[in-house]
Amino acid sequence: MKIIGKVSATEKHPSTIDDFYFWTDKKLILSPFDIIKVQHESNSTTYGVVEEINHVTDALSHFTSYISSDFGETDETVGNMNRLGMNYVKARVICNTKNIYTPVLDSKQVSLCNEDDIRTALGLDKVDYPLVCGYLQMYQGEEAQKIKVELNSHFLIGPDGAHINISGISGLAAKTSYSMFLLNAIQHKFRTEKDETAAFVFFQC
């Protein structure tokens, strides 16, 4: 997958077992909760989720930027100098493929993930008795990935759990619509199952 930057470990912002920083192209579009990966020790891969996206320049303060725009001129054509600028990102470590949780090293390449990577990072590759409950989208543009999300049906409709909590803003019919989608998914799953069946009981309050 596309390489988007390198790990940056500094005196003030070191890499830790919990998080790390990396610099990237300031024109690259990333979003909070996007997942990225770094090759780590022993041929392992560390996955991180984007928490913060920052833009920094060589200006010492906001006052410097204000002065360089002719003391507050907002016209785009006004500017006494071109600032050096970059984006840097804070990522939270979510897993390593070989359970190696020493900090990722400075200058290691950071990449976007494919569908298999994302499923591994989120633990979606080892779901028993899978039942489709929706999808999530990662990245934008040509790099966009759509990933099917599955639940363990035994935790949803028994015998291990038999419940799910659906929360949201009242009055939008979003919770109701999702409940109907989930019921439909359960019907489709158990139509093809030979040894299992499902039935619905509705209570009106």
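Quick note: the coordinates plus some simple rules give every number you see, no bench work behind them. The structure presented is a predicted model; accordingly, all values stated were derived computationally and were not measured. All Cβ positions, glycine included, derive from the backbone under ideal geometry; neighbour counts span all protein chains shown.
Computed quantities for the displayed model
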{"item": "Residues of the stretch 151-197 satisfying the condition of being more than 21 Å from Asp128 (Cα to Cα) and either exposed (fewer than 10 other Cβ atoms within 10 Å of the Cβ) or among the aromatic types (Phe, Trp, Tyr) (or both)", "result": "Ser167, Ile169, Ser170, Gly171, Leu172, Tyr178"}
{"item": "Top-ranked residue in the stretch 128-142 [being in a loop (DSSP other than H, G, I, E, B) and surrounded by fewer than 16 Cβ atoms within 10 Å (Cβ to Cβ); ranked as nearest to the chain's Cα centre (by Cα)]", "result": "Gln140"}
{"item": "Scan of the stretch 117-146 for residues that are farther than 23 Å from Phe181 by Cα and aromatic (Phe, Trp, Tyr), ordered by number", "result": "Tyr139"}
{"item": "Residue list for the stretch 105-127, restricted to those being small (Gly, Ala, Ser) and in a helix (DSSP H, G or I)", "result": "Ala121"}
{"item": "All positions within the stretch 1-39 that are without any contact (Cβ under 8 Å) to a residue 40 or more places away in the chain, acidic (Asp, Glu) and touching a strand residue (DSSP E or B) at 6+ places or on another chain (Cβ under 6 Å)", "result": "none"}
{"item": "Scope the stretch 18-59; condition over 11 Å from the mean Cα position of the chain (by Cα), not acidic (Asp, Glu) and not in a strand (DSSP E or B); matching residues", "result": "Lys26, Lys27, Leu28, Ile29, His40, Ser42, Asn43, Ser44, Ala59"}
{"item": "Count of residues meeting criterion [more than 30 Å from Ile3 (Cβ to Cβ) and of a type outside the set (A, V, I, L, M)] in the stretch 135-169", "result": "12"}
